[in-house]
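Notes follow once the structure below has been shown.
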Amino acid sequence: MATRKSSRSVRLVILAVTAVAALLSVWMVGGPADAQTIDVPIEQVVITGDPGSTVEIGSADVPADLVGRTCEIVVEVVNQESIHGGNKLIVASGESSVEVEGIEDAAGSTTTKAGTITLDSTITASVFLAVDDISSLGSSLTVTCEPLPPAPPPPPVTTQPPYTG
């Protein structure tokens, strides 16, 4: 009788380990989508405009499955040799935006900033011209959306027997 119990226990343990392994493989391989990136191409640019104006320098469409998602962005701005104090880069999508200040405060500098943004159907990069009417920089913009965690199972429904008082 002890052999039957041991054999049954071993089979239950093997079954449980197999089930957990199967669930993990589905979650890791076929579960949430991999991180997705959107590159907004921005070449070295020279921008002119009125001081206090904002000039768009690049944009990209957002895939439909990312619209509404909050994502991390990484912005790298490379300034050329000119100095245009107060200029800033604005990354926007719908009502959400991230600003990178001081992008041309020093010659030959690189400014990097990370932030989060909630995506709409497009994402844009623009330069705010502060006191000068010009900007000359190069930059890159990458938006990375990490996969959403799996949804937790719904809580168990507990019912009470009707009150018969």
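Couple of notes before you dig in:
- Under-5 Å amide H pairs with Ile73, H placed in peptide plane, nonlocal only: Gly115, Thr116, Ile117, Thr144
- Average Cα contact separation per residue, region 89-165, under 8 Å, 6 or more apart, as relative contact order %: 29 percent
- Cβ-derived FRET efficiency at R0 35 Å, Thr159 paired with Val74, nearest 0.05: 0.10
- Gyration tensor (alpha-carbon) shape descriptor, region 62-101, a/c threshold 1.5: prolate
- Magnitude of the charge dipole for region 48-165, about its Cα centre and with charges confined to Cβ atoms of Lys, Arg (+1) and Asp, Glu (-1), is about 560 debye.
- The string of couplings for region 67-73 from the Karplus curve (6.51, -1.76, 1.60, θ = phi - 60°) is 4, x, 7, 8, 10, 8, 10 Hz, one whole number per residue in order, with x for Gly and Pro.
- Shape call, region 36-145: gyration tensor on alpha carbons, a/c limit 1.5: prolate
- Taking amide hydrogens as placed 1.01 Å from N in the peptide plane, the amide H of Asp120 sits under 5 Å from those of Gly68, Gly94, each at least 5 positions away in sequence or on another chain.
- The GluC sites (Glu not before Pro) found in region 49-118 that occupy coil by DSSP, while having at most 12 further C-beta atoms within 10 Å, are Glu81, Glu95.
Each value in this text was obtained by applying a stated rule to the coordinates, not by laboratory testing. Note that the structure is predicted; figures quoted are calculated from it, not measured. Cβ: placed from backbone, ideal geometry, glycine included. Neighbour counts: every protein chain shown.
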